[in-house]
Each structure stands twice: as C-alpha cells, then as structure tokens.
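Single-structure report; data block below.
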Amino acid sequence: MATTKTYEEERAGYFKVLIGLLVLTAVTLIQPTMFLENATFGVQMFIGVIKAWMIVMYYMHMKGEKLIGASVIFAMFLVAFFFVIVMIDVNHFQFGDVSHITSEVTSAGGSSASKH
Amino acid sequence: MSDHPYVPEIAVDREGNEYEVQGWQGDFFGGKFGFWLFMLTEIMMFGAMFMVLTYYFTLHHDDFINASASLNRTLGGFNTVVLLISALTMGLGLLKMRHGDVKGSKLMIWATILLALVFLGVKAVEWTAEYNHGIFLGLPALQGGLPESKPFGEIMFFGMYFTMTGLHGVHIIIGIGLMLWLLKRINAEKVTPEHYILHFNLALYWDLVHLIWVFVFPYYYMIGAGLSTGGH
C-alpha cells in the first residue's frame, strides 16, 4: 500500500478516528433520553451511517480506492434498492386482516401491529 | 496426471512488457480486491437480514419498541466500546507490521483476541440472563399460540435478535480462529513487513465485524431506549 505518511502520523490518524467513534457512541447512548426523542430510529441510523463511513474510509483504507470503492457502492446500491422496494411493499400491505404476520392471528398476548 | 501442456500465466506491466507469473503472493491489489468481493457478499447477507427486520419493524412498530426496551443497554453499550477498541488494536497491529515492528504487531493481535473473548463473554452473560427470564429461541414465550406467548412482533424481534447477534458472534469466533492462524503465519515468517496481505485482509474482516455491530447495536438495543425497563 503506497503511503507517504509516517508511522506516527498514521497512528495519530487511528486515534483521531477512535475518538470520533467513541463520541458518536456516547451520542448514540444518550440520544433516546436527551434529544430528538420522537425520532430515535432515524437519528440512531444516521449516527450509524456516519460511524460506518468513518470505519470504511479510514480503518478499511477505502479513501482513494476507485475500483473497490465502486464495487462497494454497487453492492450498497443493490441492498438499498431492495430495501426501498420492500419498504414500498410493506407500506402498501393489503392483507393485514388475514395474514399471519399481522396482529389478528398471532398469540394470546395480543399485538400492536400497525395496519397498512 | 494431466497430459495438458504447461501454459504459463502472463502478466503485463504498464509499459507493455510481459512477465511469466511465478506466484500471486506479491499481487497485493488482487488479494485485497478478492477479499473485498467476499466482504460484499457478507454486506448483502446482513443487508437482507436488516431488510427483514425493517419489514417487521414497520408492521409491528410498538412490539419492537417494547421488546427493545427490555434489552440490557449497559452490556450492549459496553460490548460496543470493546469492539471499537478491538478495531483500533487490529489496525495498530497492521500498522506496526507494515513499519517492521513484528513483535508489536503480534502483541496488538493478542490484544484484539483478548477483546474479542471479552465481547463473547459479555454476550454469553447477556444471553444467559435472557434465558433465565424465559426469553430464548424455543422457549414458550417466543412460540406462538400459547398462553405465555409474547405478541407476534416481539417474537419476531427476539427471533431476529438471537439470529443476528448469534451470527455476528459466529463471525467473532471465526475471527479469533483467523487471528490465531495469522499469528502462526507470522511466526513462520510467511507474513512479513514486505508480504502482509493476509494481515491486511484479516484487519478488513475485523473492521467488517465491527461495522455490522455499528448497526446491530442501535437497531436492537436503542430503538426502545426511551421506554427503559432496566433490561434483563
């Protein structure tokens, strides 16, 4: 791996990323009770994406990688594409009254499944 | 034995000169690219699992929030930090190897193995507590149609929780095995500061294991944190 950085510079980079990830982890832990309580899922996933970006770019040395970077983006696109299709599908779920995956035919404990 | 004549592999450099390939050990980019292709299959596998999770989370939103609230965030958060530090030690190990500090590199790999064992130990404690509270695959609470059954959404949540954290744990165990193998290869001088692609790829693998946890942790432990019940 071609690099012009010295050992000390690279090591310092690792620790900077570590501090960033620790700060974001702390935010992850306090967020549900401290701020944006009504948007916990979205905020948590947003923080997760930032952490993932830092790990991929710096710890996994993806910065400056063209072919591998394009492959990763393609794979992520495939996952995201199916994610969107599934979300559209589930948001137009037509068989809530008869399907076993919704509340009516579940268990004695009841359920709070949302209807779509 | 084959009667086929020997056909040499030919590599061409940027100036157009041809060379007969004697071995692929020096093909750093090829080794790295191949391993990334493997990791992309892992991303897509876990991506599909997250997709299933999101599907049921949308259908059974409140059940998922209630189930998540009962998980132990202290242990989950501790494991998140442990894995985060282990990613650092693995990265520093590779850095030391690249700069010729083989002994320091081995020390960092051992530190990573130790942290991985801590992670598994905490996970075992967590799963045991959940089992003692009647929440585990196969127990009545997670089976439908029984008086003690949990709501369907919670059954789905815990089913996915044990499946995904279990599969993640299997990746941790495989990672420990691979790191022990890496140490053996370093001792045999098959991995050196000049030829460290195996070390590089295992560091990538460990980062992937960390990366998956970056999403597993908030998805399972944090979405219900606003309804804290103290955990099992």
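The values are calculated or read from the model by the stated rules, or taken from the named source; none is laboratory data. All of these numbers come straight from a predicted model, not from anything done at the bench. Heads up, the Cβs are rebuilt from the backbone with ideal geometry, glycines too, and the neighbour counts pull from every protein chain shown.
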Within the stretch B:151-191, residues surrounded by 14 or more Cβ atoms within 10 Å (Cβ to Cβ), part of a loop (DSSP other than H, G, I, E, B) and of a type outside the set (A, V, I, L, M, F, W, C) come out as B:P151
Does B:G144 fit the bill of being within 22 Å of B:Y55 (Cβ to Cβ) and without any contact (Cβ under 8 Å) to a residue 12 or more places away in the chain?
yes
Out of B:G121, B:G104, sole residue that is within 11 Å of another protein chain (Cβ to nearest Cβ) and either farther than 22 Å from A:Y58 by Cβ or not in a loop (DSSP other than H, G, I, E, B) (or both):
B:G104
Among the residues of the stretch B:103-121, which ones are surrounded by fewer than 17 Cβ atoms within 10 Å (Cβ to Cβ) and among the hydrophobic types (A, V, I, L, M, F, W, C)?
B:L107, B:W110, B:L114, B:L117, B:V118, B:L120
Kindly list, by first and then second residue, each pair from a residue in the stretch A:27-56 that is over 21 Å from B:L83 (Cα atoms) and assigned by TED's automatic domain parsing to the domain that holds A:V17 to a residue that is assigned to a helix (DSSP H, G or I) and β-branched (V, I, T), limited to pairs with Cβ atoms under 7 Å and residues at least 6 apart or on different chains.
A:P32/A:T40; A:L36/A:V43
Search result, residues across the stretch B:67-101 that are closer than 30 Å to B:H195 by Cα, of a type in the set (G, A, S) and more than 8 Å from every other protein chain (Cβ to nearest Cβ)
B:S86, B:G93, B:G100
Do you know which residues across the stretch B:84-136 are aliphatic (A, V, I, L, M), without any contact (Cβ under 8 Å) to a residue 40 or more places away in the chain and farther than 23 Å from A:G13 by Cβ?
B:L114, B:V118, B:A124
Starting from residues that are more than 10 Å from every other protein chain (Cβ to nearest Cβ), touching a helix residue (DSSP H, G or I) at 6+ places or on another chain (Cβ under 8 Å) and part of a helix (DSSP H, G or I), keep the ones in the stretch A:1-60 and report whichever is surrounded by the most Cβ atoms within 10 Å (Cβ to Cβ).
A:V27
